[in-house]
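Chemist: There's a structure below that I have some questions on.
The values are calculated or read from the model by the stated rules, or taken from the named source; none is laboratory data. All values reported here derive from a predicted model rather than from experimental measurement. Don't worry about glycine lacking a Cβ; one is built from the backbone with ideal geometry, like all the others, and counts go over all protein chains shown.
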Amino acid sequence: MSEIQLTPLKLAIESYIPLGRSGLLPALHAAQKIYGWLPLEVAAEVANTLGVPLADVHGVIEFYSMFYNEPVGRRIIRVCTDQACALKGADQLLDHLCHCYGLRPGQTTDDLSLTIERSPCLGLCEQAPAALVDDDAETNISADFHSYDLGIPKSYVYGSIRELTVNCGNGTTTLAEYGEYAAYKKALTMSPEEVIAETDKASGLVGRGGAAFPTGVKWGGAAKIQAVQKFIVCNADESEPGTFKDRVLLLDDPHRTIEGMCIAAYAIGAGKGYIYIRGEYPYIVPVLENALDEARSAGYLGEHFDVEVRVGAGAYICGEETALFESIEGKRGFPRVKPPFPTTNGLFDNPTVINNVETLCNLPLIISKGSAEYRMLGTETSPGPKLFCVSGDVAKPGLYEVPFGVTLRELLKMAGGPPPAITPRTSRKQGARIPRLQAVLFGGAAGAFATSEHLDIKLTFEDLRAAGLPLGSGVVMVFDETRSIPDVLNRLGKFFAHESCGKCYPCQLGTQRQMEILERVAKNKVMVGDFSRLQDVGWTMTEASLCGLGQTAASAVLSAMKLWPDLFETGQR
Amino acid sequence: MAITFFMDGKEIKTEEGKTLIEVARENGINIPSVCVHEATKANALCRICVVEVEGQRVLQPACIVKAANNMKVQTRSGKVLRARRTILEMLASTIDLSDAPEIQNMMAEYGASFNRFPDAKRRESEIQDDNPMYIRDYSKCLLCWRCVQVCADDAQYTFAINFSGRGFETQVGTFFDRAIPETSCVLCGQCVAVCPTGALKPKREFLLEQGLSPQDIGVLNSGRKKRK
């Protein structure tokens, strides 16, 4: 092997030296841009330059699936084979590509020109099937594979209101088009306490990333702590299968998120912000960098508060807030033990507020309108607008903005979903040829299944909770009656086994055992005792795992076991 | 500050700041654990020590949760037993526990079966015999992190080992799988001392188990036959 020329690397990572270990992921990204992968000499140079132990650098490379310590192709095609894409023929697409180049998934051509990989959800579910070709999204791929869109993905924005998505659907909104940060300017005329009060009970805003934690409580916690440095982190590691709302918000209206971060920074007294964006959204990074430059030129960002973009490298777990901090700090994305909580001991052990993109996008709205007018939308306990990521068997998959409180039936009607399942009372004569609704996966892989019985449930936190359905990140993935639930579950099992960080035993071992049993379910080779095995594994992950990933890794599976117990018993199909 | 709380219905007085596992041991209540060691920072990762704490949504790890005034803790409730048993069964279906008598005893105590998960993938690994002091048999490794922690900032600050892979495929490893002599390892032996499952074993012990006599090993060590 020819000797590796390290001079370009030295130049490329020089600027990361002041960051120390925190510069590790940016440096590895830069190195991989130059060499295509991370050979030993390159990893060693990065380690020595940043002062990180060699073994730790190797540990980080190994943790993130988009870092490679063996040669890969100069072009990498990542084909999403998760649920929404699978419904639209992702397996056939992957087979076709592999057949064309004589490869198996995960392999590289001998001349190192191409690698083809299976990928977890790429967040392109409404334009499935989809792939990531280097830094470009390839979407809407036709059944004969001949037509597709390539580049920055389009946005499909629908719904009954346009509050959060007012600037979405027509490409990136520049600062000139967005206008001045009027809400931020208004916030600056208020005291930080007043801003927090508006965000807190007055508006009733809770986090939109999946955990639904009250935003104002988080802010209040961080605001009251005296510290030299505090941070605002925007969680844009959107990786929940079926979720793509943050992609649309950041691509089409980046200034809304940045303005939200400015308001948050003022409220808690933060001097620095980070946007942590998943590695599978490379095409958003230049859009964000450009928007940040615009905001700097306009004086919204600067010495008092500035924002840095950090790019992940293929790890669902980094959407967990403390794992995300670890990743920014240049470590493997292991979630931390809580308490202490981020508001006191967050990023770099400093008080930190971490909010999801959609949560931050609500802030300009709340501040400019005032919480009273904001509350005109939605219900008493679930105020405001909500984004739903509708995918699967509907005529118009896309991002739907609606007020909290519409029913699932109304949402599916807007999206052109399948008719409800036939009940004994429904006549079998009418429309028998149209496939009917079988199930809706609610809230993503970490969510739960709903059926036709749930159609009249109002989409609010309180109504869904009462029905045992999580709102999660707003995923509504629709399956008609022709679809195989065991196939959906099989992909869920693979997803969580692939994405478990491996720290705590219930999840590290449980996601593997769950995957094995779900593979048997999908192959109709269930063994005697699998039902109770799967119950014990799922229950133990839910009750005893360290973080939210493990605690929800069995959520959809356990809900399926309640709805369709026969699938998990021998000789029942 | 003195506090009073309840463990398995028993009223316990103790000082604020102690973990549940510490207080339990002082009071003759056994809470089992796999990953915790006095030499390493508790990371709450094995979850064998989970207990039920009234008012908490999920089970709580006793190795890091501190006793608090009026807290009500169950260390052997049905939920606790189910979690412990299942975790042990999943462990037994994954790694070789033949050199881990403490965990074998736990299996017996919690009625955990070695064969609960048939057809399960195991973490198999070749024995790595690449240095004069210890062997590494990662098919016995249960990823308690103790070795990585003592090698790093819990004790030695050597940073010779870290992790490779992720999730179930995680393994303790060196920089690009280099042999131990080619790493920063100083052969201090602390990792071997804290290993609970015989995944790290002194070379001499390993050779004796292989049937070599102490004399044979002496010859190996000297590299040539000793003069009579």
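Chemist: If you scan the range A:345-371, which residues turn out to be in contact (Cβ under 8 Å) with a residue 12 or more places away in the chain and over 22 Å from A:ILE277 (Cα atoms)?
Modeler: A:LEU365, A:ILE366, A:ILE367, A:SER368, A:GLY370, A:SER371
Chemist: Could we say that A:LYS245 is surrounded by fewer than 24 Cβ atoms within 10 Å (Cβ to Cβ) and either at positive phi or in contact with a helix residue (DSSP H, G or I) (Cβ under 7 Å, 6 or more places away or on another chain) (or both) here? Show your work before the answer.
Modeler: Working: surrounded by fewer than 24 Cβ atoms within 10 Å (Cβ to Cβ): no; either at positive phi or in contact with a helix residue (DSSP H, G or I) (Cβ under 7 Å, 6 or more places away or on another chain) (or both): yes.
When the stated conditions are applied, A:LYS245 does not pass them.
Chemist: Go through the range A:47-70 residue by residue and tally those that are more than 8 Å from chain B (Cβ to nearest Cβ) and in contact with a Ser or Thr (Cβ under 7 Å, 6 or more places away or on another chain).
Modeler: Matching residues across the range A:47-70 total 0.
Chemist: Looking at the range A:192-230, which of its residues are closer than 30 Å to A:PRO153 by Cβ and either outside any loop (DSSP other than H, G, I, E, B) or not aliphatic (A, V, I, L, M) (or both)?
Modeler: Residues satisfying the conditions are A:VAL206, A:GLY207, A:ARG208, A:GLY209, A:GLY210, A:PHE213, A:THR215.
Chemist: Continuing with this model, one more query. Of the residues A:LYS230, A:LYS201, A:LYS185, which single one is within 23 Å of A:GLU329 (Cβ to Cβ), of a type in the set (D, E, K, R), assigned by TED's automatic domain parsing to the domain that holds A:GLU289 and surrounded by fewer than 24 Cβ atoms within 10 Å (Cβ to Cβ)?
Modeler: Testing whether each residue is within 23 Å of A:GLU329 (Cβ to Cβ), of a type in the set (D, E, K, R), assigned by TED's automatic domain parsing to the domain that holds A:GLU289 and surrounded by fewer than 24 Cβ atoms within 10 Å (Cβ to Cβ) leaves just A:LYS230.
Chemist: In the list B:CYS151, B:CYS144, which residue meets the criterion of being at pLDDT 95 or above and within 12 Å of B:THR197 (Cα to Cα)?
Modeler: B:CYS144
Chemist: Determine which single condition A:LYS186 fails, assuming it passes every other condition in (1) assigned to a helix (DSSP H, G or I); (2) at pLDDT below 95; (3) of a type outside the set (A, V, I, L, M, F, W, C).
Modeler: Going through (1) assigned to a helix (DSSP H, G or I); (2) at pLDDT below 95; (3) of a type outside the set (A, V, I, L, M, F, W, C) one by one, A:LYS186 breaks only (2).
Chemist: Let me ask something additional. Just name the residue that is farthest from A:ARG513 (Cα to Cα) out of those in the range B:120-176 that are within 7 Å of chain A (Cβ to nearest Cβ) and surrounded by fewer than 17 Cβ atoms within 10 Å (Cβ to Cβ).
Modeler: B:GLY165
Chemist: Still on this structure: Would you check if A:GLU481 is touching a Gly at 6+ places or on another chain (Cβ under 8 Å) and over 25 Å from B:TRP145 (Cα atoms)?
Modeler: No; evaluated as a whole, the condition is false for this residue.
Chemist: Would you be able to tell me the number of residues in the range B:6-57 that are part of a loop (DSSP other than H, G, I, E, B) and either outside the structural domain of B:ALA83 (by TED's automatic domain parsing) or under 20 Å from the mean Cα position of the chain (by Cα) (or both)?
Modeler: 20
Chemist: Sticking with this one: Just the residues that are more than 18 Å from the chain's Cα centre (by Cα) and not in a loop (DSSP other than H, G, I, E, B), please, taken from the range B:72-107.
Modeler: First pass over the range B:72-107, keeping only residues more than 18 Å from the chain's Cα centre (by Cα): B:72-82.
Within the range B:72-107, B:LYS72, B:VAL73, B:GLN74, B:GLY78, B:LYS79, B:VAL80, B:LEU81, B:ARG82 qualify.
Chemist: For A:LEU567, only one of the following conditions fails: (1) more than 9 Å from chain B (Cβ to nearest Cβ); (2) not in a helix (DSSP H, G or I). What is its number?
Modeler: Evaluating A:LEU567 over (1) more than 9 Å from chain B (Cβ to nearest Cβ); (2) not in a helix (DSSP H, G or I) leaves (2) as the failure.
Chemist: Taking the conditions exactly as written (of a type in the set (A, V, I, L, M, F, W, C), in a helix (DSSP H, G or I), within 10 Å of chain B (Cβ to nearest Cβ) and surrounded by 24 or more Cβ atoms within 10 Å (Cβ to Cβ)), does A:VAL557 satisfy them or not?
Modeler: no
Chemist: What do you reckon, is B:GLN60 within 12 Å of another protein chain (Cβ to nearest Cβ) and either more than 13 Å from the chain's Cα centre (by Cα) or surrounded by fewer than 16 Cβ atoms within 10 Å (Cβ to Cβ) (or both)?
Modeler: Against the criterion (within 12 Å of another protein chain (Cβ to nearest Cβ) and either more than 13 Å from the chain's Cα centre (by Cα) or surrounded by fewer than 16 Cβ atoms within 10 Å (Cβ to Cβ) (or both)), B:GLN60 qualifies.
Chemist: Looking only at the range A:274-323, count how many residues are under 19 Å from A:PHE348 (Cβ atoms), part of a helix (DSSP H, G or I) and of a type in the set (D, E, K, R).
Modeler: 1
Chemist: Can you tell me which condition A:PRO335 does not meet? The list is (1) in contact with an Asp or Glu (Cβ under 6 Å, 6 or more places away or on another chain); (2) more than 14 Å from chain B (Cβ to nearest Cβ), and all the others hold.
Modeler: All conditions pass for A:PRO335, except number (2).
Chemist: For A:ASP91, are the conditions met, namely being more than 12 Å from chain B (Cβ to nearest Cβ) and outside any helix (DSSP H, G or I)?
Modeler: Criteria not met by A:ASP91.
Chemist: Let me ask something else. Got a number for residues in the range B:87-119 being within 22 Å of B:PRO32 (Cα to Cα), among the aromatic types (Phe, Trp, Tyr) and buried (at least 16 other Cβ atoms within 10 Å of the Cβ)?
Modeler: Here the count works out to 1.
Condition check ((1) within 28 Å of B:ILE64 (Cβ to Cβ); (2) free of Cβ contacts under 8 Å to residues at least 24 places away in the same chain; (3) outside any loop (DSSP other than H, G, I, E, B)) across all residues:
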{"residue": "A:PRO486", "(1), (2), (3)": "no, no, yes"}
{"residue": "A:ARG491", "(1), (2), (3)": "no, no, yes"}
{"residue": "A:PRO506", "(1), (2), (3)": "yes, no, yes"}
{"residue": "A:ARG513", "(1), (2), (3)": "yes, no, yes"}
{"residue": "A:VAL521", "(1), (2), (3)": "no, no, yes"}
{"residue": "A:VAL528", "(1), (2), (3)": "no, no, no"}
{"residue": "A:SER532", "(1), (2), (3)": "no, yes, yes"}
{"residue": "A:ASP536", "(1), (2), (3)": "yes, yes, yes"}
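Chemist: Sticking with this one: If A:ALA84 passes every condition in (1) surrounded by 19 or more Cβ atoms within 10 Å (Cβ to Cβ); (2) in contact with a helix residue (DSSP H, G or I) (Cβ under 9 Å, 6 or more places away or on another chain); (3) part of a loop (DSSP other than H, G, I, E, B) but one, which one does it miss?
Modeler: It is condition (3) that A:ALA84 fails.
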